[in-house]
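Bear in mind these aren't lab numbers, they're just calculated from the coordinates by the rules spelled out. Here the structure is a predicted model, which is why all the values come from computation and not from measurement. With ideal geometry, Cβ positions are generated from the backbone for all residues, glycine too; neighbour counts draw on all protein chains shown.
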């Protein structure tokens, strides 16, 4: 039997890009997306501008969506879930479920582009009171306000005078079990800090960090402008706890450079929550029997020279399904997976 | 450990809490041996992984607000295995810690407070001057807990020892026998112990001290105290047919 | 405010913690494995018990009766109404308990103060007490926050370090005792939390005008965090629910303040030999902050050391005209007062320093009449008409 169709699970940036490329290389591609709309987290979570290029997220995603769906070889099905997978490389049989019924399709290869979810700060080891104080928000919450061009204190609706970002919430934390760096939060916080200063010019903005991880061009594109043009204050020292005092948030930590405890009032505190494998990533990994690491991300066990092949032949994983990834990484891995998958479908020997 | 090395005065740092008395320097090898002993404690691997220098422990730390004390520096010195600095800390800083374990929220899962428990224990085991100083005025408490199985009994709450607690202390102390009898639970009519502990229980407690080398630690920090406790223990144990 | 996309809706959703995501292994499973291997005996929580949720969403069994009361140095020594109130509550709710003499202190106050002990000795002391409880068939319930915290540490060491386990086993065998670990390490305030609705049903005094600040004990929820009780409906599941849950159940107001997570300043050695630290910290970081931000009628806490430090430390600053003067008591005493307990015969408030009388008045208690009653008891004791004040005297 056999099938020369490529199935892409997940229509976020990585899934869309993998579909577009595989289609351009001549393969038939079916993209399945659980949500009602394509575009992944940037759309679902109302991202404002993309990190690192500051491009409008909605506009960029629309471009990616139309590039994929505009290709005659690509079929996109939203509001559709993968509920069963049988078979093996070259001959997968996949059950798709919608609200109205099930359908079985065949596929020769599968790309998992099921992505991440934001860490739920209810589980942090610090005492930040996300579920207690309305003015303690996450990067995603802040992103939504920035997109609406209405960055305010949620408790009052007034523009904040003092805004703090706290890095590494739910990342690099042995007690939570997320020992990894989520890679993007330093950049996103700094990007948002710039946007807050643009939208609320009178606000003072602070970033409390353990290490600022602004690798490559993020340094001069985001970090330096944040400090030099937008006068964002970077304080080395992580916040210990947040409580309420006189109607404002009291942020308590150590200014480690100065070597002393500090207590400062804030109007809005943004928790730079990290990434965790999405529920879809966990479910698909289990259904397909692909190995995951101890954090639940899909493993790419073939070493650093193959970043997209999983433990199951014919199944590839891209983007943040394999670990924290920024947009650039996700798009790059999508290309690699598309090329490998198409080669496989054509019967070419692909060294993994 | 021997204290043969010539006395070298370490400058007292501002905020140091122990009596302004210099402690003696010792050869590097002796400091290293102390550190090796700290690392050999079975708890050590659970108390120190690595340190981000994030300071999350410092803002949570009550002692850091009052003293020149930083749980981050304790963890960092240990992580760097800075034997000289650790020796300095064992001779001073470690006694400032409140042992509240507020620092246990470390993202690396370090426990600076737990590390200090070990550092103190090694300081005591080797009778470092700091442990002797830190425990000055504290011998009665050690005596009480080790010989009676309860700590700071009702009759230790005397006005001369707690002048800052106001006149209530005197009233309690004046009325102590009567007020203790006015307690409904039968085990609380005691004045020289927190509650009534049976003799068999005490005997078992003494055996625990005996079999776990605690008495040797006491001897290092306070020979007089060691003798008094040993007297009490021996009498009870010998009556019960144990030879010490 | 203008409707901003997910911020509001997110916060209205209660935090639900999923035990399958717990970052630690469940130590009770390790205990059962050791039991299976014949290494230890696990004393089971007797029925009936109440199931409560802990930090990582796991379920913890809190025994209601058949409890072996592991008493506390400081409670029994200096604020005995604390222990008396716990026993009184247990009796009033009709549960069987044992107040053993075959119990020593956990000795952790001394250990955290002076370090004149070691892992084997501390393990020996803990396991001796647990074996003593096991011999009676009653389940240990621990009065002191530090004992509770320290026993959790000992449990970690005994479970995870075979060499420590063998050392302690060796000591125990010389005492002729088996190695026994209770299935759950239970603090009395968890029992109070578990029966708070029963306490509220028996409430006879109106607490709706009472404003309380809570001081949670460090060794209860910071030292081995995972055993502490959390509840999504209290502080959004972000702080321990113990103590606060009781106050809310009794209809009083829990007032927040900005040093909630701060330690009381006890310091173990500091409260005895460096009290300037304890006093300053308790005053400046706790009581004055509460006064300024919440002006509470009372501070409720659940550990001996915390009650002592927060209460006794107020005398000196008050004499210097500082903004202090908030009575301090345990959740057990507060609960007992709600259920109609005598402020002196049961709650023994005359052992406390900071003026509690305005609070009693607000609770509708005639403390002058109560004191006259208690003085009559004292006279009878003085005249040796009775040897001790008994439970019958209290209830009569």
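Relative to the longest principal axis of the Cα atoms of chain B, the long axis of helix B:168-181 makes an angle of roughly 50 degrees.
Taking every DSSP bridge with both residues inside chain A, close to 50 percent are antiparallel.
Between residue A:224 and residue C:135, the simple label model (points 7 Å from Cα in the Cβ direction) yields a spacing of 7.5 nm. Helix A:185-199 axis versus longest C-alpha principal axis of chain A: approximately 60°, rounded to the nearest ten. If R0 equals 35 Å, the separation of the Cβ atoms of residue B:32 and residue B:216 corresponds to a calculated FRET efficiency of about 0.95.
Packing, as the average of other Cβ atoms within 10 Å across residues, places the peptides C:183-196, B:116-129, B:181-194 in the order C:183-196, B:116-129, B:181-194, highest first. This ranking places A:124, C:361, B:220 by how few other beta-carbon atoms lie within 10 Å of each, fewest first, which gives C:361, B:220, A:124. The angle between the Cα long axis of helix A:327-345 and the longest principal axis of the Cα atoms of chain A comes to about 10 degrees, rounded to the nearest 10. Only Cα pairs under 8 Å and 6+ residues apart enter the sum, and on that basis the relative contact order of the range A:118-274 stands at 32 percent. Percent of Cα pairs in the range B:139-239 per distance bin of 10 Å, from zero to the largest separation: 14, 38, 30, 17, 1. Counting only other chain Cβ atoms within 10 Å of each residue's Cβ, the peptide C:271-282 averages 5.
In whole angstrom, the range C:114-258 maps to an equivalent ellipsoid with semi-axes of 35, 17, 12, each derived as √(5λ) from the alpha carbon gyration tensor and ordered largest first. Seen from every direction in turn and averaged, the convex hull around the alpha carbons of the range A:118-274 projects onto 8.7 nm². Peptides A:326-335, C:73-82 ranked from most to least packed by the mean count of surrounding Cβ atoms within 10 Å: C:73-82, A:326-335. Note on C:225-234: average number of Cβ atoms from other chains within 10 Å of each residue's Cβ is 1. Summarising the strand pairing of the protein assembly as shown, around 45 percent of its internal DSSP beta bridges are antiparallel. Remark: chain B is approximated by an ellipsoid whose semi-axes, taken from the C-alpha gyration tensor as √(5λ), come to 35, 23, 19 Å, largest first. Name the residue, out of A:67, A:226, A:285, whose mean-square fluctuation peaks in a Gaussian network model built on chain A with Cα pairs under 10 Å. The residue that fluctuates most here is A:67. Our summary gives the range C:21-188 a relative contact order of 30 percent, counting only alpha carbon pairs under 8 angstrom and 6 or more residues apart. Our note on the geometry: Cα centres of the range C:154-201 and the range A:294-352, 49 Å apart.
Any idea how far the Cα center of the range A:56-98 sits from the one of the range A:210-261, in Å? If you average the Cα positions of each part, the centres end up 40 Å apart.
Here chain A was treated as a single set of alpha-carbon atoms; its pair distances binned every 10 Å from 0 give 6, 25, 30, 21, 13, 5, 1, 0 percent. Arranged from fewest to most other beta-carbon atoms within 10 Å of their beta carbon, B:223, B:204 become B:223, B:204.
Highest mean first, the peptides C:166-178, A:305-317 sorted by other C-beta atoms within 10 Å per residue fall in the order A:305-317, C:166-178. The tail of the calculated P(r) for the range C:38-163 beyond 27 Å holds 20 percent of all Cα-Cα pairs. Put simply, the convex hull of the Cα atoms in chain C casts, on average, a shadow of 22.3 nm².
Ordered by the number of other Cβ atoms lying within 10 Å of each residue's own Cβ, fewest first, A:287, B:146, A:41 fall into the sequence A:287, A:41, B:146. Normalising the average separation of contacting C-alpha pairs (under 8 angstrom, six or more residues apart) by the number of residues puts the relative contact order of chain A at 21 percent. Given R0 = 45 Å, the distance between the Cβ atoms of residue B:81 and residue A:286 translates into a calculated FRET efficiency of 0.55. Compute the distance from the alpha-carbon center of the range C:258-302 to that of the range A:1-52, in whole Å. If you average the Cα positions of each part, the centres end up 57 Å apart. The protein assembly as shown: percent of C-alpha pairs farther apart than 49 Å? Distances greater than 49 Å cover 31 percent of the Cα pairs. Applying 1/(1 + (r/R0)^6) with R0 = 25 Å to the Cβ-Cβ distance of residue B:243 and residue C:170 gives a FRET efficiency near 0.85. The alpha carbon gyration tensor of the range C:204-373 gives principal lengths a ≥ b ≥ c with a/c of 1.5 or higher and a/b no greater than b/c, which makes the shape oblate. Counting Cβ atoms of other protein chains within 10 Å of each Cβ in B:90-103 and taking the mean gives 6. Once the gyration tensor of the Cα atoms in the range A:65-108 is diagonalised, the equivalent ellipsoid follows with semi-axes of 21, 16, 7 Å, ordered largest first. Altogether, the Stokes-Einstein calculation at 10 °C and 1.306 mPa s, with the Kirkwood radius of the range B:28-134 over Cα pairs as Rh, returns a diffusion coefficient of 118 µm²/s.
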